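Shown next, in structure tokens, is the structure this report addresses.
The values are calculated or read from the model by the stated rules, or taken from the named source; none is laboratory data. Since the model is a prediction, treat every value here as computed from it, not as a measurement. Methodologically, a virtual Cβ is constructed for each residue, glycine included, from the backbone with ideal geometry; neighbour enumeration extends over all protein chains shown.
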């Protein structure tokens, strides 16, 4: 009679499967512990030149989860939890890619004087965007307004109460703030030479511009 195998992780007997490959570990918990122990003994990877961006962290999470799925399948244990983690990481990566595709990188365009200037910004963000960070707007705006940012984009988008669709954005050159609509139309209400000293002032000007346009009668009405 064949003896029952023992789990290398805890020493308990390993249940014998009716079909398929014999299991190596007695439970998914032991399989995960063994995987973490192997990972801890691997040599540290050479530092990459690329920064640890959110995309890189998600890619690492997806890779580790995929490895855990393979270990679970090899040991005959249930890979459901590892599969769920891998799917979640890949879905988050897909959302980051979709948000990135919504931004068109500005290319240098020769000016009349021969100097090179920046082309106008690309199209505004898709209404459904995975915002990287959302915070309440400055106090001078009404309650419910929020300021959102997204990965790889230095702009601050103004979200009205109850909506994820921005009414415009503000951006800075490091010194002054400028407000623009989603069509990249400059907003110069209460601005000095088209710009503001503070982000809060630029956001307030953008909000006032939006309210003024929304209240204006439509042509032909």
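Any residue in the range 158-178 that is touching a strand residue (DSSP E or B) at 6+ places or on another chain (Cβ under 6 Å) and on the phi > 0 side of the Ramachandran plot?
yes
From the list 121, 127, 108, exactly one residue is surrounded by 15 or more Cβ atoms within 10 Å (Cβ to Cβ) and modelled with pLDDT under 50. Which is it?
On the way: 127 fails: surrounded by 15 or more Cβ atoms within 10 Å (Cβ to Cβ); 108 fails: surrounded by 15 or more Cβ atoms within 10 Å (Cβ to Cβ).
Criteria check complete, one pass: 121.
Among the numbered conditions (1) at pLDDT 75 or above; (2) surrounded by 11 or more Cβ atoms within 10 Å (Cβ to Cβ); (3) under 17 Å from residue 169 (Cβ atoms), tell me where residue 86 comes up short.
(3)
Which residues, counting only those in the range 165-220, are in a loop (DSSP other than H, G, I, E, B), farther than 18 Å from residue 150 by Cβ and under 25 Å from the mean Cα position of the chain (by Cα)?
Matches in the range 165-220: 173, 174, 183.
State the number of residues belonging to the range 129-158 that are farther than 14 Å from residue 205 by Cα, out of contact with any helix residue (DSSP H, G or I) (no Cβ under 9 Å at 6 or more places or on another chain) and touching a residue at least 24 places away in the same chain (Cβ under 8 Å).
1
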